[in-house]
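The values are calculated or read from the model by the stated rules, or taken from the named source; none is laboratory data. All values derive from a computational prediction rather than experimental measurement. Every residue, glycine among them, receives a Cβ derived from its backbone with ideal geometry; neighbour counts consider all protein chains shown. Ligands, DNA and RNA are excluded from the accessible area calculation, which covers all protein heavy atoms including side chains. Shrake-Rupley method; radii C 1.70, N 1.55, O 1.52, S 1.80 Å.
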Amino acid sequence: MKLRNPTVLASGILGVTGSSLVNVARHGAGAVTTKSIGLNERAGHKNPILLAFDAGLINAVGLPCPGIEESLYELRYAVENSEAPVIASLFASTASEFGVVAERVSRAKPAMIEVNISCPNVASEFGRPFALEATSAARAVEAVQANTRLPIVAKLSPNANNICDIARAVEEAGADAVSAVNTLGPGMIIDIHSAKPILCNKTGGISGPALRPIALRCVYDIYKAVDLPIIGIGGIDSGEAAIAMIMAGARAVGIGSGIYYRGIDVFSSVCKEIQEFMDHGGYSRIDEMIGIAHEKEARNQK
Amino acid sequence: MRLVYNTELPLMLRIERIADEAEDIKTLVFMHRLNSRPGQFIMLWLPRIDEKPFAVSYQDTDKFAITVKSVGEFSEAVHRLKPGDRVGIRGPYGKGFEFELYQHVLIVAGGYGAAPLSFLANQAMLQGKRVTFILGAKKASHLPYLNRLSQAHVKLITVTEDGSTGIRGLATEVLARILHNHDRTGSLSVYACGPEAMLKAVVDICRNLHVAAQLSLERYIKCGFGICGQCCVDELGIRICKEGPVVDLETAASITELGVYKRTPSGRRIAMGDKK
Ligand SMILES: Cc1cc2nc3c(=O)[nH]c(=O)nc-3n(C[C@H](O)[C@H](O)[C@H](O)COP(=O)(O)OP(=O)(O)OC[C@H]3O[C@@H](n4cnc5c(N)ncnc54)[C@H](O)[C@@H]3O)c2cc1C
Ligand SMILES: Cc1cc2nc3c(=O)[nH]c(=O)nc-3n(C[C@H](O)[C@H](O)[C@H](O)COP(=O)(O)O)c2cc1C
Ligand code: FES
């Protein structure tokens, strides 16, 4: 898949409607990802579903979904109207359901399919996320692979004990790329006056600046473990953060919470800041920076 | 003590006073300097229950108010609250009304749509504007703010569908008559909030007569600060919680779903007027 630039709208942020994705593409994103699409209609959790605390965002949106038909309507609208490639994100509760959703979604012709095996906010309904175990992560990716000809990116969780094992498992299962990472945690915020957790779901996944160093380490480790291209996600809100992610091994960066900190123009701002750094640092292509934070031997040893 | 970072967390405030405004409509007053603009909204949190958007309906240097119509589970729970109870407030959010440029502020309010507009009327009066307030509802008992507005120096025109008070008919019919007879001296803008059918009529009237207008819209709000994507409208793809809730006439006219459909919390499109 060819990106317009290295910034990608991460799944679940401004991705409910097709026209919103088109709007984000218009504001400069190199590619846009839909909110994760599932088979059946779900309202998601009650409010509050998203808060900003001093070091990041915490969310438990609860995978709302209008059902596959309406999701396909939004996806088709985005594919037909977006200036940038559209990545369709999928979620499901079983491997075979992943296959069904993948088959339906492929008909809308997105540029790529992202397999969301890492949502931390629906454990009570769906059990442990697939991305925490190599075998279940592989099964989900295989099921998608068997039902689409589109390139597949597997979205990994920072909560996995060994994210490298998961990355190797999805590579073997046929993933064409990995995106890392989904939100961390879950965490919790308590209001001390009412003595109650604030999120209606009580717990939620952490994103934004608090996630950045962890995401960076995950991408650094994954780069050593597999040959797949990596979309680095987590706390990217500036050219500096994006370049660090690229130096850790990412080929592109995903941006979600960055929209809160820098507005919807964050994509063009980050691209401009990356370019300024490259001009000063004597880099002519992004490729020259990918993975350069690694000692040479480390890359060869794998 | 809590260090001050940029956050979106509810601030817990005690309800200072509760006033009955009209049938099923109550105003909750809080002692807190909010610094909002007319048209902006706050998220009201009832711990472990839910959190929903309400326009700021009054504000001065040390207090503000919201006005809540009881229409369902959450707003009924709000109506059961008592002075002294503590609730959470986030915000203010969204874009408010711009009125500084106009000499004549012509307001059209339907039902609880009067909430942000009564705050606007207040601010516009303070700045010496001429204010006309067309306040419409189904019947007399549904008209909020009658006391407050009739004491202020606004020109108040009440309109009811059943004729139980004021002019019988629709607020938009009165608006059209006023605009037709308007002498065009001094700059004028229309400000509207209310049921979407009313807003749609305001858009048509103002576009036909080339009168400036700003409208406050409603869509299902979750985060309220422009991240979750729940409130985006077709085909512009803009966020009602961020680029709205107040939009100008041209923007409103480009929102193709206006008066046609909206999205439920799951994101499914439903015809305007449908419940679920
Ligand atoms: C920007 C904005 C400002 C508003 N200002 C006021 C106000 O000043 N006074 C007032 O009484 N009401 C206001 N509302 C509407 C108010 O939020 C809803 O009436 C309230 O949420 C209803 O909740 P409920 O559980 O009582 O009713 P429900 O039975 O849940 O719903 C009744 C109606 O309210 C709508 N609604 C429910 N939840 C939400 C939500 N989270 N966001 C938007 N709409 C919702 C539903 O779509 C439905 O049409 C405003 C809405 C918006 C978007
Ligand atoms: C409000 C919100 C909703 C999200 N929804 C999804 C989702 O539906 N699917 C998914 O794969 N990731 C979802 N995520 C995770 C993001 O795509 C991203 O991986 C994470 O937020 C870290 O990136 P950031 O720090 O740039 O936000 C969501 C994140 C947020 C903040
Ligand atoms: S309510 Fe979340 S973007 Fe507007």
Q.
Rounded to the nearest 20 debye, what is the charge dipole size of the protein assembly as shown about its Cα centre when +1 sits on each Lys and Arg Cβ and -1 on each Asp and Glu Cβ?
A. 960 debye
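With the cut-off at 1.5 for a/c, could you classify segment B:11-93 from its C-alpha gyration tensor as rounded, prolate or oblate?
Taking the square roots of the gyration eigenvalues as a ≥ b ≥ c, segment B:11-93 is rounded.
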Q) Share of Cα-Cα pairs in segment A:22-108 beyond 19 Å, in percent? A) 49 percent
**Q.** Kirkwood Rh in Å, taken over all unlike Cα pairs in segment B:1-141
**A.** 15.9 Å
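Would you please report the Å³ per residue occupied by the convex hull of the alpha carbon atoms in segment A:231-302?
So the per-residue Cα hull volume is 81 Å³.
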Q: Based on alpha-carbon positions alone, could you give the equivalent ellipsoid semi-axes of the protein assembly as shown from the gyration tensor, as √(5λ), descending, whole Å?
A: 47, 24, 22
(Q) Can you give the Rg/Rh ratio of segment B:104-271, where Rg is from the C-alpha atoms and Rh is the Kirkwood radius? (A) 0.98
Q) If the cut-off is a Cα-Cα distance under 26 Å, which lysines reach A:Lys272, setting aside same-chain residues fewer than 8 apart in sequence? A) A:Lys2, B:Lys242
(Q) Name the residue from A:Ser89, B:Val190, A:Pro110 whose Cα lies farthest towards the positive end of the charge dipole of the protein assembly as shown, charges +1 on Cβ of Lys and Arg and -1 on Cβ of Asp and Glu. (A) B:Val190
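Place a +1 charge on the Cβ of each Lys and Arg in segment A:155-254 and a -1 charge on the Cβ of each Asp and Glu, then give the dipole magnitude about the Cα centre in debye, rounded to the nearest 20.
280 debye
Taking a threshold of 19 Å on the Cα-Cα distance, which of the pairs B:Lys222/B:Lys262; B:Lys52/B:Lys262; A:Lys46/A:Lys155; B:Lys139/B:Lys200; A:Lys202/B:Lys52 fall above it?
Listed pairs above 19 Å: A:Lys46/A:Lys155; B:Lys139/B:Lys200.
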Q: Apply 1/(1 + (r/R0)^6) to the Cβ-Cβ distance of B:Arg168 and B:Asp85, taking R0 = 30 Å, and write down the FRET efficiency to the nearest 0.05.
A: 0.15
Q | Residue-averaged [θ]222 nm for chain B, counting only DSSP H segments that reach four residues, each worth -39500 (n - 2.57) | A | -6000 deg cm²/dmol
Q.
Whole angstrom only: what separates the Cα centroid of segment A:228-268 from the Cα centroid of segment B:184-220?
A. 41 Å
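Pairs of Cα atoms under 8 Å, at least six residues apart: use those to get the relative contact order of segment B:132-276, whole percent.
Answer for segment B:132-276 is 15 percent.
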Q. On the accessible surface of the protein assembly as shown, probed at 1.4 Å, how many percent belong to carbon and sulfur atoms?
A. 50 percent
Q) Given chain A, what whole percent of its Cα pairs are spread farther than 28 Å? A) 32 percent
Q.
Can you compute 3J(HN,Hα) from phi for each residue in segment A:154-159, using the Karplus curve 6.51 cos²θ - 1.76 cosθ + 1.60 with θ = phi - 60°, rounded to whole Hz and x for Gly and Pro?
A. 9, 9, 9, 9, x, 8
**Q.** Percentage, to the nearest whole number, of Cα pairs in segment A:6-60 over 15 Å apart
**A.** 58 percent
**Q.** Beta bridges by DSSP in segment B:104-271, antiparallel share as percent, to the nearest 5
**A.** 25 percent
Q) With a Cα-only, solvent-free Debye model of segment A:123-191, what are the log10 I(q)/I(0) values at q = 0.18, 0.27 Å⁻¹? A) -0.66, -1.22
Q | Calculated [θ] (222 nm, deg cm²/dmol) that DSSP helices of n ≥ 4 give over chain A, each run adding -39,500 (n - 2.57) | A | -11000 deg cm²/dmol
Q: Please state, to two decimals, what the Cα-based radius of gyration of segment A:81-222 comes to when divided by 2.2 N^0.38 Å (N = residues).
A: 1.11
**Q.** Top positive-direction residue, dipole computed over chain B with Cβ charges, set B:Ala176, B:Thr61, B:Ile107
**A.** B:Thr61
(Q) Once R0 is set to 22 Å, what does the formula 1/(1 + (r/R0)^6) return for the Cβ-Cβ distance between A:Met188 and A:Asn162, expressed as a FRET efficiency to the nearest 0.05? (A) 0.30
(Q) Placing unit charges on C-beta atoms (Lys and Arg positive, Asp and Glu negative, everything else neutral), compute the dipole magnitude of chain A about its Cα centre in debye, rounded to 20. (A) 220 debye
Q | Per DSSP, loop trypsin sites (Lys or Arg not before Pro) in segment A:137-227 with at most 15 further Cβ within 10 Å | A | A:Arg149, A:Lys202
Q. If you find the alpha carbon centre of segment B:21-92 and of segment A:43-103, how far apart are they in angstrom?
A. 31 Å
(Q) I'd like the antiparallel share, as a percent to the nearest 5, of DSSP beta bridges with both residues in the protein assembly as shown. (A) 50 percent
Q) D for segment A:161-302, whole µm²/s, Stokes-Einstein with Kirkwood Rh over alpha-carbon pairs at 10 °C and 1.306 mPa s: what number? A) 97 µm²/s
Q. Which lysines have a Cα less than 16 Å from the Cα of B:Lys138, not counting those fewer than 8 places away in the same chain?
A. B:Lys69
Q.
Can you work out the Karplus-derived ³J(HN,Hα) for every residue in segment B:202-211? Use 6.51 cos²θ - 1.76 cosθ + 1.60 with θ = phi - 60°, whole Hz, and x for glycine or proline.
A. 4, 4, 4, 4, 5, 5, 4, 9, 6, 10
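Rounded, prolate or oblate: pick one for segment B:116-206, where a ≥ b ≥ c are the square roots of the eigenvalues of its C-alpha gyration tensor, a/c under 1.5 means rounded, and failing that, prolate if a/b is larger than b/c, else oblate.
Values: a/c = 1.62, a/b = 1.11, b/c = 1.46.
Taking the square roots of the gyration eigenvalues as a ≥ b ≥ c, segment B:116-206 is oblate.
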